């Protein structure tokens, strides 16, 4: 139980900037007066500024309008109503990434723009899967950057995972296929493939990523079995453009949201859920492997709006 408590504390701390921004805004609006059109407009604006998106703002203000219009409402009640709406929305997409051990290996292609935290996320996942008793193989598919390969090698050493690498500038698709062969040969349960950071407006780079997906199918027609998009929470609404283009081009099956501890824009996860319905597998609120955890709707919603459990 103590570990669960520890994670909840880290989650609350990690979402502290987001919850402070929301909490202070809600208190500022609702400590002054009754629930009227003006207060509802202010609340709607606050939620949009917090990257929650128009649909959430409409839903929350609509519910309050129906149930409490003309009455005095405490900031705590507003936070409670907001948490309820968020939970309803994100519960269906809060799904841990389940490894299918029958696949030998379950191939996970990890994609995202530069700086989103892909390589670190792979390292953390590798540690967690190893700790769970799975055999993990890594592929250093960001062949453009020697630093990314070195970073993944460090994680491989730290977690005791074999790793497939090639010289800087090598063909990433060929490396991915070689890594799949290596992983099969050693009986790996999971193959985690790093990729070069793509800017979603660079069509040449995105075409290379599509090539990786095509070439992997030569080794396993159903690979990759999971395409994990790593999104950096600090980019706010830009995450929408990233989700859209990566989903369209390489069929993203799930999201990991990193750096929630470095921003007041944690609400973007809620608007992403509302807009795209892509499963969110995990969230990160710190540097260590323990700070990346499966996404759980109620604890996230209550931490985001600053409610105590």
Exclusive hit being within 28 Å of residue 101 (Cβ to Cβ), under 21 Å from the mean Cα position of the chain (by Cα) and crowded, with 17+ Cβ neighbours inside 10 Å, set 175, 229, 216, 180
229
Find all pairs meeting these conditions: Cβ atoms under 9 angstrom apart; at least six residues apart or on different chains; first residue within the range 90-105 and on the phi > 0 side of the Ramachandran plot and touching a residue at least 60 places away in the same chain (Cβ under 8 Å); second residue surrounded by fewer than 20 Cβ atoms within 10 Å (Cβ to Cβ) and assigned to a loop (DSSP other than H, G, I, E, B).
104/187
Selection count, the range 159-169, where residues are surrounded by 15 or more Cβ atoms within 10 Å (Cβ to Cβ) and farther than 26 Å from residue 132 by Cβ
1
Tell me the helices (runs of 4 or more DSSP H) entirely within the range 41-138 that contain at least 1 residues that are at pLDDT below 90 and within 19 Å of residue 265 (Cβ to Cβ).
54-68, 75-90
Please enumerate the residues belonging to the range 71-110 that are in contact with a helix residue (DSSP H, G or I) (Cβ under 6 Å, 6 or more places away or on another chain) and under 16 Å from residue 258 (Cβ atoms).
110
Flagged in the range 232-265 as within 11 Å of the chain's Cα centre (by Cα) and in contact (Cβ under 8 Å) with a residue 60 or more places away in the chain, in numbering order, are 232, 254, 256, 258, 259, 260
Given the conditions (1) surrounded by fewer than 20 Cβ atoms within 10 Å (Cβ to Cβ); (2) assigned to a loop (DSSP other than H, G, I, E, B), which single one is not true for residue 6?
(2)
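Any residue in the range 117-130 that is in contact (Cβ under 8 Å) with a residue 24 or more places away in the chain and over 20 Å from the mean Cα position of the chain (by Cα)?
Yes.
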Do you know which residues across the range 260-309 are in a loop (DSSP other than H, G, I, E, B) and at pLDDT 90 or above?
277, 278, 279, 295, 296
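The values are calculated or read from the model by the stated rules, or taken from the named source; none is laboratory data. Every value quoted in this text rests on a predicted model; they were computed, and no experiment measured them. Glycine also receives a Cβ, built like all others from the backbone with ideal geometry; neighbour counts cover every protein chain displayed.
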